[in-house]
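The next block holds one structure in the form of structure tokens; read it before the comments.
The values are calculated or read from the model by the stated rules, or taken from the named source; none is laboratory data. Not measured: the values here are computed from a predicted model. So basically every Cβ, Gly included, is an ideal-geometry build from the backbone, and we count neighbours across all protein chains shown. Just so you know, the surface numbers come from the protein's heavy atoms only, side chains and all, with ligands and any DNA or RNA stripped out. Shrake-Rupley method; radii C 1.70, N 1.55, O 1.52, S 1.80 Å.
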Amino acid sequence: MAGMILMLTAESCTGRGDKSSISDTVRVSTDTVPASFHADNDIAMTIRSVADALHLGETLRDADYDYTGLLTDGQGIPLYTDLEGKPGVWKVEVADPVTVTVSNTAQGDLLAEDLTAYILSSMKLADKDMVGRSVKDGAGIVCYAFTGGYVSFRVDKKTTDSGLETAMMTITVSRNNPCG
């Protein structure tokens, strides 16, 4: 039984099991989701699935990756809570055949630095893999290289009317270097 669970998990992580892909997941309306909701779409596994596809030279298709809904920290906990107290929604989108973007759709209590560290750890990337750092339109951008492509983290810090500091984040996984 444990082997079967591991096999199913591995297939869902790569997006290339018989019918597994991010687009096969259930869409959840956040209007009805309680704060203790458990979701199964781990953001690091989503990013790694795209990176694996790029490493293998696959063409990215929106039918396999496009998704709007909750992404989690690997333990079923949403990555942030929006300003209305609901689990934060993410948009995963194929920008072109070699690029996927993952962005939070609303302001909230997202800890962008912690999320970046989690994804880098999952991908086994470190400071030595950094290929660029810049600021564009006030947003900080950091890029890393992996075998077959690049991952960049763009963080645009915002302040709400009530003074709460929030982060809008876009993660780009591409065969092309988004930093240059």
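Using a probe of 1.4 angstrom and keeping all protein chains present, the accessible surface of the range 122-163 works out to 60 square angstrom per residue. Along its principal axes, the range 35-96 has C-alpha extents of 40, 21, 14 angstrom, given from the largest down.
Ranking request for peptides 72-79, 156-163, 85-92: highest mean number of other beta-carbon atoms within 10 Å first, then the rest in descending order.
85-92, 72-79, 156-163
Considering every alpha-carbon pair of the range 50-130, the percent of pairs per 10 Å bin, from zero through the bin containing the longest distance, is 17, 41, 36, 6, 0. Projecting label points 7 angstrom from Cα along Cα→Cβ for D127 and D73 puts them 2.5 nm apart. The residues F146, F153, sorted by heavy-atom accessible surface at 1.4 Å with ligands and nucleic acids left out, run F146, F153 from largest to smallest. In order along the range 101-108, the Karplus-derived 3J(HN,Hα) couplings, from 6.51 cos²θ - 1.76 cosθ + 1.60 at θ = phi - 60°, round to 10, 10, 9, 6, 9, 8, 5, x Hz, and Gly and Pro are given as x. Here's how it looks for V131: its modeled amide H is under 5 Å from those of C143, Y144, A145, which are all 5 or more places away or on a different chain. Phi angles across the range 117-125 convert, under the Karplus curve 6.51 cos²θ - 1.76 cosθ + 1.60 with θ = phi - 60°, into 3J(HN,Hα) values of 4, 4, 5, 4, 4, 4, 8, 6, 9 Hz, Gly and Pro given as x. Remark on V89: its backbone amide H falls under 5 Å from those of T105, A106, a criterion applied only to residues 5 or more positions apart or on other chains, H modelled at 1.01 Å from N. P(r) tail for the range 77-180: Cα pairs beyond 19 Å make up 44% of the total.
Scalar couplings 3J(HN,Hα) for the range 137-151, obtained by applying the Karplus form with A = 6.51, B = -1.76, C = 1.60 to θ = phi - 60°, are 6, x, 9, x, 10, 10, 10, 10, 9, 10, 4, x, x, 9, 10 Hz; x denotes Gly and Pro.
Cross-link reach is defined here as a Cα-Cα straight distance under 24 Å, omitting same-chain residues fewer than 8 places apart; for K136 the lysines meeting it are K91, K128, K157, K158. Each of E93 and D62 was given a label point 7 Å from its Cα along the Cα-to-Cβ line. The distance between the two points is 0.9 nm.
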